[in-house]
Amino acid sequence: MILLNAPIQQDKIIDTLSNYSENGVSYKFIKKAGMKLYFETTAENEEEAAQLAKKIIKSTDYGSVLYFQATVE
């Protein structure tokens, strides 16, 4: 499971990752607990999927100035 710690822009992050589907990788929002956002992914390697999620968010107009962490739980 992919875990994102993000204090702001959570709705945009959820929307961005939920609508991502490329090269057989997609993300499904599971739950929100405070600053933590949990996602499942179709990727085989969750570490790589977490780094890809970070790259996807950073490529958005809001993500370039957003502080957040992407990890695997």
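The values are calculated or read from the model by the stated rules, or taken from the named source; none is laboratory data. Quantities reported herein were computed from a predicted structural model and do not represent experimental measurements. We place every Cβ from the backbone using ideal geometry, glycine too, and count neighbours over all the protein chains shown. We work out accessible area using only protein heavy atoms, side chains counted, and drop any ligands, DNA or RNA first. Shrake-Rupley method; radii C 1.70, N 1.55, O 1.52, S 1.80 Å.
Distant-in-sequence amide contacts of residue 27, defined by a placed amide H-H separation under 5 Å and a gap of 5 or more residues or a different chain, comprise 20. Phi-derived couplings, Karplus 6.51 cos²θ - 1.76 cosθ + 1.60 at θ = phi - 60°, listed residue by residue for region 56-73: 4, 5, 5, 7, 7, 5, 8, x, 5, 10, 8, 9, 7, 10, 10, 9, 10, 10 Hz, with x used for Gly and Pro. Think of the chain as a dipole: +1 on every Lys or Arg Cβ, -1 on every Asp or Glu Cβ, centred on the Cα centre; then among 3, 68, 18, 68 lies furthest on the positive end. Solvent-accessible area assigned to carbon and sulfur over the chain amounts to 48 percent, based on a 1.4 Å probe. Karplus-based coupling profile of region 7-18, in residue order and whole Hz: x, 9, 6, 4, 4, 5, 5, 4, 5, 4, 6, 5, with θ = phi - 60° in 6.51 cos²θ - 1.76 cosθ + 1.60 and x standing for Gly or Pro.
For residue 35, nonlocal amide neighbours, meaning residues 5 or more places apart or on other chains whose placed amide H falls under 5 Å from its own, do not occur. In terms of overall dimensions, the chain has a Cα radius of gyration and Dmax of 10.8, 31 angstrom.
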